[in-house]
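The values are calculated or read from the model by the stated rules, or taken from the named source; none is laboratory data. No experiment lies behind these values; they were computed from the predicted model shown. Cβ atoms come from the backbone with ideal geometry, glycine included; neighbour counts cover every protein chain shown.
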Amino acid sequence: MTKKDQLYEGKAKKVFTTDNPEVLIVDYKDDATAFNGEKKGTILGKGVINNRVTNHLMKLLAKEGIPTHYVEELSERETAVKKVTIVPLEVIVRNIIAGSLAKRVGRPEGEKLAKTVLEYCYKDDALGDPIVNDYHILAMGWATREEIDLIADYSFKINDILTAYLKEVNIELIDFKLEFGKTSDGTIVLADEISPDTCRFWDSTTGEKLDKDRFRRSLGGEEEAYREILKRLLGE
Ligand code: TMP
């Protein structure tokens, strides 16, 4: 399968059409941004790691019954995926208080939540991806009641699968962001990526951050952290 035209360039990936109208190719970059593109940098090797980690986790989730957009890994940085219309929501799943939730509710990072929290943000860079609720989603027509329920159901299931899986390699899944898409026949599938860019991974023993917070917060050691995730998940 080969790339035809570039359809889109995002902050971390490029997307290309192929000869198959139902299939696209994503190409992962080393570019890193934070705070809605205000902070820019490079994490060497990130594209390769995010491609490999995302595909590994997508395959694991597919085996457990979650439909995904994954088709085939083509190279270190490139993957064929089903063409979908992205539901314009970032679905955030939280097990432990961190990041924007810590700020919003004035609680310290690291506090365990009594119940898993699901949040939706409207995907719009110009607006800074504002947090919204089910009423907004229905009123704006971003998804139907049935689609929201299915997305929530999948998100909790994904959380259970990933939390258990990561625990085996001594990683605590603090929170993460998912995106879903609709295929041409209307099926909702997991899309985008699941990587250290989109999850908070803390070492279960030391609490060390092994994710993009190292870049966001200028902690240093981001390349080593991404490599550590690759090593723990794929043994490489
Ligand atoms: P937050 O605490 O900053 O809202 O982030 C929650 C989770 O979502 C965290 O695991 C990082 C991820 N995330 C993204 O994948 N993309 C984003 O643009 C942001 C802000 C967060």
Point to revise | Yes/no for Asn36 being within 16 Å of the ligand (Cβ to nearest atom) and touching a Ser or Thr at 6+ places or on another chain (Cβ under 7 Å) | key: no
**Study point:** Whichever residue in segment 175-205 is over 13 Å from the mean Cα position of the chain (by Cα) and under 21 Å from Leu234 (Cβ atoms) and, among such residues, is farthest from the ligand (Cβ to nearest atom)
**Key:** Thr205
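Quick one: which strands (runs of 3 or more DSSP E) lie wholly within segment 23-139 and hold at least 1 residues that are of a type in the set (Asp, Glu) and under 20 Å from Val189 (Cα atoms)?
Details: elements: 23-28, 31-34, 39-42, 70-73, 78-82, 89-96, 112-122.
Those strands (runs of 3 or more DSSP E) span 23-28, 70-73, 78-82, 89-96, 112-122.
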Check your understanding: Is there any pair linking a residue in segment 32-59 that is without any contact (Cβ under 8 Å) to a residue 24 or more places away in the chain to one that is away from the ligand (no atom under 13 Å from the Cβ) and not charged (D, E, K, R), with Cβ under 8 Å and at least six apart or on different chains, and which?
Key -> Thr33/Gly41; Lys59/Tyr70
Check your understanding: Among the residues of segment 32-57 satisfying the criterion of being under 17 Å from Arg227 (Cβ atoms) and among the β-branched types (Val, Ile, Thr), which is surrounded by the fewest Cβ atoms within 10 Å (Cβ to Cβ)?
Key -> Thr42
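I'm trying to understand the selection: among the residues of segment 160-174, which are aliphatic (A, V, I, L, M) and more than 16 Å from the ligand (Cβ to nearest atom)?
Filtering segment 160-174 for residues aliphatic (A, V, I, L, M) gives 161-162, 164, 166, 169, 171, 173-174.
Within segment 160-174, Ile161, Ala164, Val169 meet the criteria.
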Check your understanding: Under 6 Å by Cβ, and 6 or more places apart or on different chains, what pairs join a residue from segment 60-80 that is of a type in the set (S, T, N, Q) with one that is at pLDDT 95 or above and assigned to a strand (DSSP E or B)?
Key -> Thr68/Val189; Thr68/Leu190; Thr79/Val26; Thr79/Glu73
Check your understanding: Going through segment 211-236 one residue at a time, which ones are within 12 Å of the ligand (Cβ to nearest atom) and either touching a Phe, Trp or Tyr at 6+ places or on another chain (Cβ under 9 Å) or of a type outside the set (Lys, Arg) (or both)?
Key -> Asp211, Lys212, Asp213, Phe215, Arg216
Exercise for review: For segment 118-129, state whether one or more residues are closer than 24 Å to Gly10 by Cβ and more than 13 Å from the ligand (Cβ to nearest atom).
Suggested key: yes
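Give Thr198, Thr163, Thr144 a once-over and let me know the one that is closer than 20 Å to Val26 by Cα, modelled with pLDDT of 95 or more and not charged (D, E, K, R).
Working: Thr163 fails: closer than 20 Å to Val26 by Cα; Thr144 fails: closer than 20 Å to Val26 by Cα.
Answer to the check: Thr198.
Report yes if Leu60 is over 16 Å from Glu179 (Cα atoms), aliphatic (A, V, I, L, M) and crowded, with 21+ Cβ neighbours inside 10 Å, otherwise no. Spell out the reasoning first.
On the way: over 16 Å from Glu179 (Cα atoms): yes; aliphatic (A, V, I, L, M): yes; crowded, with 21+ Cβ neighbours inside 10 Å: no.
Answer is no for this residue.
Hey, among Gly110, Gly106, Gly128, Gly99, which residue is farther than 28 Å from Gly65 by Cα and surrounded by 15 or more Cβ atoms within 10 Å (Cβ to Cβ)?
Values: Gly110 fails: surrounded by 15 or more Cβ atoms within 10 Å (Cβ to Cβ); Gly106 fails: surrounded by 15 or more Cβ atoms within 10 Å (Cβ to Cβ); Gly128 fails: surrounded by 15 or more Cβ atoms within 10 Å (Cβ to Cβ).
Residue meeting the stated conditions: Gly99.
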